[in-house]
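So the structure is just underneath, and the comments pick up after that.
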Amino acid sequence: MIDLVKAEKVFKSYVEKYNTEDDKIELKIKHTYGVVSMSGFIATKLGLDEENIKLAKLIALLHDIGRFEQAKKYDCFIDSKEIDHAEYGVEILFENNLIRTFIKDKKYDNIILKAIKNHNKYEIEEGLSDEELLHSKIIRDADKTDNLRIKYTEEFETLFDAKEEEIENEKISDKVYEDFMNHKQIRCEDRVTHLDFWVCFAGWIYDFNFDIGIQYIKDNECIDKLIDRIDYKDPDTKKKMKEIKKHAKKYLNKVKLQK
């Protein structure tokens with residue numbers, strides 16, 4: 001049985017060992033609870049039973065547990081060869097058996113592990129069971145949905161350690177622009193400028209698994225809020241971002257996914 005009340009108490013105790021007044025730590029705490037809410041929403045809309053709804057919320061509670069140590073050690077949220085926050089989260093939870101403080105029953109361990117491990121990858125690994133695949137899809141959609149909200153609400157210096165004026169004057173890399181317009185997610189290694197990251201965030205729309213998340217993005221005008229947040233100074237960049245927004249909205253209005 002999954003006791004979410006107890007799990008949330010353990011999570012709160014875990015994050016209290018970090019500096020919760022630090023903007024990055026505070027951001028990830030808020031993001032975690034945002035993803036918990038969205039995961040529960042998606043799971044409910046999918047018609048899952050109560051235990052699977054709780055499991056989806058538990059995975060969401062734990063999905064970014066590797067971020068806190070990452071922020072403490074590296075003062076950033078950029079995954080690299082040194083650290084992948086999903087892999088690190090799995091290590092923290094399962095190699096040190098921390099998972100047992102969140103849930104006593106071991107029967108969901110593989111689902112939790114696979115969902116967390118796959119939540120930030122370019123694509124979900126092959127060979128998963130039906131349950132592992134389902135929960136991997138739920139956490140990926142929920143994570144992207146709340147992450148989009150974060151990108152148009154949080155301070156740039158918290159997100160990037162860069163001032164807005166600096167970002168406004170940047171350009172978009174050609175490959176990043178071309179990949180977006182061809183309905184491709186942006187690969188991490190292709191991002192050069194901060195605006196490449198911005199386009200990458202918009203490109204998450206190409207990786208949703210359920211109509212539920214897509215509808216949320218449309219209803220909340222997430223793409224408009226993301227793209228319109230920055231006052232692009234370079235004329236070519238301004239034109240490209242206008243095309244990106246137009247292209248994204250057209251895609252959102254046409255795409256049909258699993259309900």
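The values are calculated or read from the model by the stated rules, or taken from the named source; none is laboratory data. Everything numeric here is computed off the predicted structure, so don't read it as measured data. In this analysis, Cβ positions are derived from the backbone assuming ideal geometry, glycine residues included, and neighbour counts consider all displayed protein chains.
At-a-glance table
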read-out	value
Some residue of the stretch 98-108 being within 15 Å of the chain's Cα centre (by Cα), surrounded by fewer than 19 Cβ atoms within 10 Å (Cβ to Cβ) and not charged (D, E, K, R)	no
Test: residue in the stretch 31-49 that is surrounded by fewer than 14 Cβ atoms within 10 Å (Cβ to Cβ) and either among the hydrophobic types (A, V, I, L, M, F, W, C) or in contact with a Leu (Cβ under 9 Å, 6 or more places away or on another chain) (or both)	no
Residue, modelled with the highest pLDDT, within the stretch 64-85, restricted to residues that are surrounded by fewer than 21 Cβ atoms within 10 Å (Cβ to Cβ) and assigned to a helix (DSSP H, G or I)	Glu69
Qualifying residue in the stretch 142-153 (condition: more than 22 Å from Lys57 (Cα to Cα) and more than 17 Å from the chain's Cα centre (by Cα))	no
Any hit, the stretch 163-182, residues being loosely packed, with under 15 Cβ neighbours inside 10 Å and under 17 Å from the mean Cα position of the chain (by Cα)	no
Within the stretch 225-244, tally of residues that are more than 21 Å from Tyr122 (Cβ to Cβ) and either in contact (Cβ under 8 Å) with a residue 24 or more places away in the chain or assigned by TED's automatic domain parsing to the domain that holds Leu48 (or both)	13
Selected residue (criterion: surrounded by the fewest Cβ atoms within 10 Å (Cβ to Cβ)) from residues of the stretch 53-63 that are part of a helix (DSSP H, G or I) and within 15 Å of the chain's Cα centre (by Cα)	Leu61
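So that you can scan it fast, the table gives a plain yes or no per residue for (1) over 19 Å from Glu168 (Cα atoms); (2) of a type in the set (Phe, Trp, Tyr); (3) loosely packed, with under 15 Cβ neighbours inside 10 Å:
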site	(1), (2), (3)
Gly203	yes, no, no
Ile223	no, no, no
Arg229	no, no, yes
Lys249	yes, no, no
Asn253	yes, no, yes
